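*Asks:* Shown below is the structure under consideration.
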Amino acid sequence: MRLPDDDEIYDVDQTYLGPPGYYIGRLRYRMIAVTPVFALLGFAFLVKTGIGFSLLSVALTVLVSLRLSQWVVDKTTHERPMSVLAATFWHELTATRVPTRGQHSRRSSAFRRRITSIGDAHALPLGRRRRWRSYANRKAAAYEGE
């Protein structure tokens, strides 16, 4: 079991606090290297799909690349580098699965064909006479008479 490092000095050593006199927020050094890679991949995706470079598409690409790089930096450590994360992802994609042929569940009653249409008058079951059902049936019978 790996315990998180609670040493504040170690955490500050991993963090870029910005130029002297300016505070732009805490950025991890690894994130400074990972974010441009994801941004370039996102821009290549915009070009390849024909979306183009509008303000919205570029802003969303930058935000998504920032979020992806945050996720990658949070998941990787010096004990688990990016290559291990990529290998785990690839093994999850290419793992053999149990065949599911013939193991399907029955269709729910909500998706079966209705015998009566909604709003048709129908007889109430004998053991379960409820006020709202009788009201609904009287209302449906009144529509039929008109």
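Each value in this text was obtained by applying a stated rule to the coordinates, not by laboratory testing. Only a predicted model underlies this, so the values are computations on that prediction, with no experimental measurement involved. Methodologically, a virtual Cβ is constructed for each residue, glycine included, from the backbone with ideal geometry; neighbour enumeration extends over all protein chains shown.
*Asks:* Under the 0.36 nm per residue contour assumption, what length would be gained going from the current alpha-carbon distance of LEU63 and ALA33 to full extension?
*Replies:* Values: separation 30, 0.36 × 30 = 10.80 nm, distance 1.57 nm.
Working it through step by step, the gained length comes to 9.2 nm.
*Asks:* Still on this structure, please answer the following. What does the net charge come to around SER69 if you take all other residues with beta carbon closer than 12 Å to its beta carbon, with K and R at +1 and D and E at -1? Could the numbers behind the result be given before it?
*Replies:* Numbers: positive: ARG28, ARG30, ARG67, LYS75; negative: ASP74.
Net charge in that neighbourhood comes out at +3.
*Asks:* Let me ask something else about it. More than 17 angstrom separation, counting every C-alpha pair in segment 8-86; what % is that? Display every interim value, and only then the final one.
*Replies:* Working: 1698 of 3081 pairs.
Pairs farther apart than 17 Å: 55 percent.
*Asks:* Hey, got a sec? Which chymotrypsin sites (Phe, Trp or Tyr not before Pro) in segment 24-107 land in a DSSP loop and have at most 14 other Cβ atoms within 10 Å?
*Replies:* Numbers: sites: TYR29, PHE38, PHE43, PHE45, PHE53, TRP71, PHE89, TRP90; in loops: PHE53.
Those satisfying the criteria are PHE53.
*Asks:* If I model a spin label at LEU85 and SER54 as a point 7 Å from the Cα along the Cα→Cβ vector, what separation in nanometres do I get?
*Replies:* A separation of 3.1 nm, rounded to one decimal place.
*Asks:* In nanometres, what is the gap between the two model label sites at LEU93 and ALA44, each 7 Å from Cα along Cα-to-Cβ?
*Replies:* Simple spin-label model gives 1.3 nm for this pair.
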